[in-house]
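The values are calculated or read from the model by the stated rules, or taken from the named source; none is laboratory data. Values in this document were obtained by computation on a predicted structure and should not be read as measured data. Glycine also receives a Cβ, built like all others from the backbone with ideal geometry; neighbour counts cover every protein chain displayed. To get the accessible areas, we keep the full protein, side chains included, count just its heavy atoms, and leave off ligands, DNA and RNA. Shrake-Rupley method; radii C 1.70, N 1.55, O 1.52, S 1.80 Å.
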Amino acid sequence: MTRECPAGLWPFALLWLLIAGCGTSDLLGPDAAQGIEGTVLLGPQCPVQTQDDPCPDLPYQAWIGIRDYVLQPESGDPFPTASDQEVTVVMDVFAEVVIHFDTGIR
């Protein structure tokens with residue numbers, strides 16, 4: 001039995017997505033042992049990075065749409081920007097995802 005997912009967007013500082021209730025009942029559901037989890041980062045934060053001053057990317061709150069296991073980050077105009085990411089979810093495994101938003105700082 002297959003159910004359709006509502007087309008919604010969720011804000012997260014740290015992306016913790018558990019896709020439950022979508023897809024086949026043996027793969028996903030309220031007691032599923034698989035899904036998507038990860039982090040959303042924003043960078044670069046500085047125009048110049050060195051080994052002594054690495055200027056790491058920072059956690060970022062973003063809208064992430066989920067459509068058929070494709071994460072669709074909502075980019076700014078013109079920045080920050082992030083690309084869609086296709087994710088494969090398999091039985092008994094959480095897919096680890098890191099979404100990088102580009103600040104445009106160079």
Keeping all protein chains in position, work out how much accessible area Val97 exposes to a 1.4 Å probe, and write it in Å² to the nearest 10.
10 Å²
Could you list which residues have their amide H under 5 Å from that of Phe94, counting only those 5 or more apart in sequence or on another chain, with H placed in the peptide plane?
Gly35
By how many nm would the segment from Gln72 to Gln34 grow when fully extended, if each residue of separation counts as 0.36 nm and the alpha-carbon distance is taken off?
11.7 nm
How much accessible surface area, in Å² rounded to 10, belongs to the heavy atoms of Asp31 with a 1.4 Å probe?
150 Å²
Over the stretch 40-106, with the other protein chains present, what is the accessible area per residue in square angstrom, probe 1.4 angstrom?
65 Å²
Between Glu86 and Cys55, what FRET efficiency follows from the Cβ-Cβ distance if R0 is 22 Å, with the result rounded to 0.05?
0.15
P(r) of the stretch 30-83 over all Cα-Cα pairs, 10 Å bins starting at 0, rounded to whole percent, reads 18, 40, 27, 13, 2
Protection proxy ranking, peptides 60-67, 37-44, 73-80, average beta carbon neighbours within 10 Å, highest first:
37-44, 60-67, 73-80
Taking 0.36 nm per intervening residue step and subtracting the Cα-Cα distance, what contour gain separates Cys46 from Phe79 on full extension?
10.4 nm
Across the stretch 58-106, how large is the tail of the calculated P(r) beyond 17 Å, expressed as a percent of all Cα pairs?
39 percent
